[in-house]
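Below: the structure, in structure tokens.
Please treat every number below as a calculation from the coordinates, not as lab data. If you're wondering where the values come from, they're calculated on a predicted model, not measured in any experiment. Heads up, the Cβs are rebuilt from the backbone with ideal geometry, glycines too, and the neighbour counts pull from every protein chain shown.
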Amino acid sequence: MANQKLTDKTALEQQAGSGDLLMVVDVSDTTGSTAGTSKKMDFKYVIQTDKFSLSNAEIQALNSSPKTLVGALSGYMVTPISVTMLVTYASSAESSNSNLYFGFDPSQDVQYWDYSSRIMGSVPTDRTYIYGGNQPGQGVNDPTILNKAFSMWSNAAFNGGWSADVYVTYAYTKVL
């Protein structure tokens, strides 16, 4: 509404997400005024958290159908901050000894951002896993993470009865 102060607007009482807009003043662009130019900014360029709910079938198929958690943007790199998994146990404990990976190239298991060895192995209860980027000695991606999506995958099929809500916190970073 015209002539309404920002302080008079309704508050957003949940996390902002991709597609939500912020108003910023770009002080380096003086085409609008000497103080700067008002511009819109998609919230995905600020720290953001997205939630994905994975069914047991999707979990069991992660080795053949990796899950993209953050899509690629041309000219940007995804900067992952954390991944939190709230795992819900349903039936039959995991016995596959499979590993779960997070990173930029689901076609291999040597370079990754973080992983769990034998996730949910013989665990008959709900479980929370928190990842913060435990980079291996060979790095995260060869040769670059520029223009790459951030995904999760497994090295083999899981066989347990569990599902998960996955929360990924990240930012897009413009590569200049």
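For a quick check: sort GLU94, GLU13 by the number of other beta carbons within 10 angstrom, fewest at the front. Intermediate results must be reported in sequence, preceding the final value.
On the way: GLU94 22, GLU13 5.
Sorted ascending by nearby Cβ count, the order is GLU13, GLU94.
Between SER92 and ASN159, what is the label-point separation in nm under the 7 Å Cα-to-beta-carbon projection?
0.8
Placing +1 at every Lys and Arg Cβ and -1 at every Asp and Glu Cβ, with all other atoms neutral, what dipole size does the chain have around its Cα centre, in debye to the nearest 20?
The calculation lands at about 220 debye.
Which residue, THR31, THR88, THR68, tops the fluctuation ranking in a GNM of the chain built on C-alpha contacts under 10 Å?
Largest GNM mean-square fluctuation: THR31.
Quick check: from the Cα gyration tensor, does the stretch 78-122 come out rounded (a/c under 1.5), prolate or oblate?
oblate
Please give the contour-minus-distance gain from LYS51 to VAL27: 0.36 nm per residue of separation, less the Cα-Cα distance, rounded to one decimal in nm.
This chain segment gains 5.3 nm when fully extended.
Can you give the net charge of the other residues whose Cβ lies under 15 Å from the Cβ of THR173, counting K and R as +1 and D and E as -1?
+2
If I model a spin label at ARG118 and THR144 as a point 7 Å from the Cα along the Cα→Cβ vector, what separation in nanometres do I get?
4.0
When the chain is treated as a GNM, springs tying every alpha-carbon pair under 10 Å, which of PHE150, PHE43, PHE104 comes out with the largest mean-square fluctuation?
Sorting by GNM fluctuation, first place goes to PHE43.
Compute the FRET efficiency between ILE81 and ASP42 as 1/(1 + (r/R0)^6), taking r as their Cβ-Cβ distance and R0 = 25 Å, and round to the nearest 0.05.
With a Förster radius of 25 Å, E is 0.90.
Which of ALA93, SER122, GLN4 sits closest to the plus end of the dipole of the chain, meaning its Cα is farthest towards the positive end, when Lys and Arg get +1 and Asp and Glu get -1 on the C-beta?
Farthest towards the positive pole: GLN4.
If you rank ILE130, ILE59 by fewest surrounding Cβ atoms within 10 Å, what's the result?
Numbers: ILE130 10, ILE59 25.
Ordered by Cβ neighbours within 10 Å, fewest first: ILE130, ILE59.
Quick one: among LEU146, LEU22, LEU62, which has the greatest mean-square fluctuation in a GNM of the chain with alpha-carbon springs under 10 angstrom?
LEU22
Measuring from centroid to centroid over Cα atoms, what is the spacing of the stretch 89-132 and the stretch 1-21 in Å?
Result: 38 Å between the Cα centres.
For LYS51, go through the lysines and keep the ones whose alpha-carbon is under 25 Å away, minus same-chain ones fewer than eight residues off.
Within the straight-line limit of under 25 Å, LYS51 reaches these lysines: LYS40, LYS67, LYS148, LYS174.
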